[in-house]
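Trainee: Structure below; questions to follow.
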Amino acid sequence: MSPIDEVIKNKKTNVNPIWIMRQAGRYLPEFREIRKANPDFIKLCLNEKLSTEITLQPLIRFNLDAAIIFSDILMLPYGLSQKVEFKKGIGPVLGDLNLENISKLTERDFVEKLNPVYKLINSVKNSTITKNKSTIGFVGAPWTLLVYMINQESPKLGLKKNFFENKSLIDKTLLIIEKFLKIHIKHQIENGAQIIQIFDSWAGLLNEKDLQNYIYKPTLNLVEYIKSFNIPVICFPRNIKNYKNYCNIVNPSVICIDYNTDPKEISKDIEIPVQGGMDPKVLLTDKENLKKEANKYLDIFNDHPYIFNLGHGVLPETDPQMMDYLVKMVKDY
């Protein structure tokens, strides 16, 4: 059993597993080399050989407890034949959403488009490098995917003014998203994903009154579906105002917290295992500060099942030596 399983399934508090969101990526020089030669991000995610190599890169360097697959939450709209592009300095840009075309798509069409992702999971799971480590698959939450598919770009500057105008479009799109997310999850699990993480990157955009329809209900459906495979599910509802409510309603196996959240409140309010919390910017400071900040989380969750992680993805300008220092420090705590 991997250290992460010990924390999730056996609620162990005497082990300190660590993995990092976006651990396979831009801060590693070996990744940047591959990326330079492969400018099309979607094509890179669908290159089974290279995406396997990228997924395993951080595990070769650091004593991490999990491999998180090198993929993207926007593989779902891509699988539904919505155009997805990643533009430098802008981020993801999506094409028009054509529900008529999407409604003609079969499970077979969708799985065929995303088959390299499932093959990647299989390769990672069967690699000797991942022995005694967890293989983590992931999806975007229904709300976050809805945001991208209708907004057609990152909502960093806010949602389009008319975003909520077409209620029928929103309801139909959410049903499609849920149906194909379940297919995507099932194929990840069948190919060796031992944990699924649900990223709700834009959970913080909603008012309290809208959470039931857009976050609680659709995410709960996915959580129950994943648990039906006897697989744990980690939920990361970034910037959600009330983690306690979220956990009571959605009931994930693990709750991942962001860096704007007070870890002391979480340790008092939340009974399930907790993951994450530390600000990724701490890795851009010095070792003394990094040790102080990491220890803060380890101390607070000392008697609580806890998986060390950041409160968001590792930043591209992070020095790999700082990551190495962090991993060793957590392991020695």
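Trainee: Out of (1) in contact with a strand residue (DSSP E or B) (Cβ under 6 Å, 6 or more places away or on another chain); (2) surrounded by fewer than 18 Cβ atoms within 10 Å (Cβ to Cβ); (3) not polar (S, T, N, Q), the odd one out for Ile170 is which?
Mentor: For Ile170, the exception is condition (1).
Trainee: So Ser127 passes all but one of these: (1) under 30 Å from Asn63 (Cα atoms); (2) exposed (fewer than 13 other Cβ atoms within 10 Å of the Cβ). Which condition number does it fail?
Mentor: For Ser127, the exception is condition (2).
Trainee: To continue, here is another question. Checking the condition among the β-branched types (Val, Ile, Thr), closer than 17 Å to His187 by Cβ and touching a Leu at 6+ places or on another chain (Cβ under 8 Å), which residue from Ile102, Ile69, Ile121 passes?
Mentor: Ile69
Trainee: Continuing with the same structure: Show the residue pairs that are 6+ apart or on different chains and have beta-carbon atoms under 8 Å apart, the first residue being within region 155-183 and more than 11 Å from Pro218 (Cα to Cα), the second being charged (D, E, K, R) and exposed (fewer than 14 other Cβ atoms within 10 Å of the Cβ).
Mentor: Once the first residue is more than 11 Å from Pro218 (Cα to Cα) and sits in region 155-183, its partners that are charged (D, E, K, R) and exposed (fewer than 14 other Cβ atoms within 10 Å of the Cβ) give Ile183/Glu107.
Trainee: While we're here: Any chance region 31-38 includes a residue that's surrounded by 15 or more Cβ atoms within 10 Å (Cβ to Cβ), of a type in the set (Val, Ile, Thr), closer than 30 Å to Pro305 by Cα and at pLDDT 95 or above?
Mentor: no
Yes or no, residue by residue, for (1) at pLDDT 95 or above; (2) assigned to a helix (DSSP H, G or I); (3) not basic (Lys, Arg):
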site: Pro116; (1), (2), (3): yes, yes, yes
site: Asn122; (1), (2), (3): yes, yes, yes
site: Leu145; (1), (2), (3): yes, yes, yes
site: Lys161; (1), (2), (3): no, no, no
site: Thr173; (1), (2), (3): yes, yes, yes
site: Ile177; (1), (2), (3): yes, yes, yes
site: Ile183; (1), (2), (3): yes, yes, yes
site: Gln188; (1), (2), (3): yes, yes, yes
site: Ala193; (1), (2), (3): yes, no, yes
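One line per residue, one yes/no per condition, for (1) touching a residue at least 12 places away in the same chain (Cβ under 8 Å); (2) within 18 Å of Ala294 (Cα to Cα); (3) outside any helix (DSSP H, G or I); (4) more than 22 Å from the chain's Cα centre (by Cα):
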{"site": "Thr13", "(1), (2), (3), (4)": "yes, yes, yes, yes"}
{"site": "Ile20", "(1), (2), (3), (4)": "yes, yes, yes, no"}
{"site": "Ala24", "(1), (2), (3), (4)": "yes, no, yes, no"}
{"site": "Glu33", "(1), (2), (3), (4)": "no, no, no, yes"}
{"site": "Pro39", "(1), (2), (3), (4)": "no, no, yes, yes"}
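Trainee: Filtering region 203-222 down to residues that are closer than 15 Å to Ile170 by Cα and among the charged types (D, E, K, R), which residue is surrounded by the fewest Cβ atoms within 10 Å (Cβ to Cβ)?
Mentor: Looking at the filtered set, the residue picked out is Asp210.
Trainee: Another question, if that's okay. Restricting attention to region 195-230, which residues are under 15 Å from Leu76 (Cβ atoms) and outside any helix (DSSP H, G or I)?
Mentor: Ile196, Gln197, Ile198, Phe199, Asp200, Ser201, Trp202
Trainee: Could you list, in sequence order, all residues of region 275-321 that are closer than 23 Å to Pro29 by Cβ, free of Cβ contacts under 8 Å to residues at least 40 places away in the same chain and either in contact with a Phe, Trp or Tyr (Cβ under 9 Å, 6 or more places away or on another chain) or of a type in the set (Asp, Glu) (or both)?
Mentor: Matches in region 275-321: Pro280, Lys281, Val282, Asp286, Lys287, Leu290.
Trainee: Pick out the one residue from Ile102, Ile73, Ile60 that is within 28 Å of Met322 (Cβ to Cβ), in a helix (DSSP H, G or I) and touching a residue at least 40 places away in the same chain (Cβ under 8 Å).
Mentor: Ile60
Trainee: So in region 253-283, with the set limited to residues that are farther than 21 Å from Gly313 by Cβ and in contact with a Lys or Arg (Cβ under 7 Å, 6 or more places away or on another chain), which one is surrounded by the most Cβ atoms within 10 Å (Cβ to Cβ)?
Mentor: So the residue we want is Ile270.
Trainee: Taking the conditions exactly as written (in a strand (DSSP E or B) and surrounded by 15 or more Cβ atoms within 10 Å (Cβ to Cβ)), does Pro92 satisfy them or not?
Mentor: Yes: the conditions hold for Pro92.
A quick yes/no check of all residues on (1) basic (Lys, Arg); (2) assigned to a helix (DSSP H, G or I):
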residue	(1), (2)
Ile272	no, no
Lys281	yes, yes
Lys292	yes, yes
Asn295	no, yes
Ile307	no, no
His312	no, no
Glu317	no, no
Met323	no, yes
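Per-residue answers, yes or no, for (1) closer than 16 Å to Ile300 by Cβ; (2) modelled with pLDDT of 95 or more; (3) of a type in the set (Lys, Arg):
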residue: Val233; (1), (2), (3): no, yes, no
residue: Arg238; (1), (2), (3): no, yes, yes
residue: Pro252; (1), (2), (3): no, yes, no
residue: Cys256; (1), (2), (3): yes, yes, no
residue: Asn260; (1), (2), (3): yes, yes, no
residue: Pro263; (1), (2), (3): yes, yes, no
residue: Asp269; (1), (2), (3): yes, yes, no
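The values are calculated or read from the model by the stated rules, or taken from the named source; none is laboratory data. Predicted, not measured: the structure shown is a model, and the values here were computed from it. In this analysis, Cβ positions are derived from the backbone assuming ideal geometry, glycine residues included, and neighbour counts consider all displayed protein chains.
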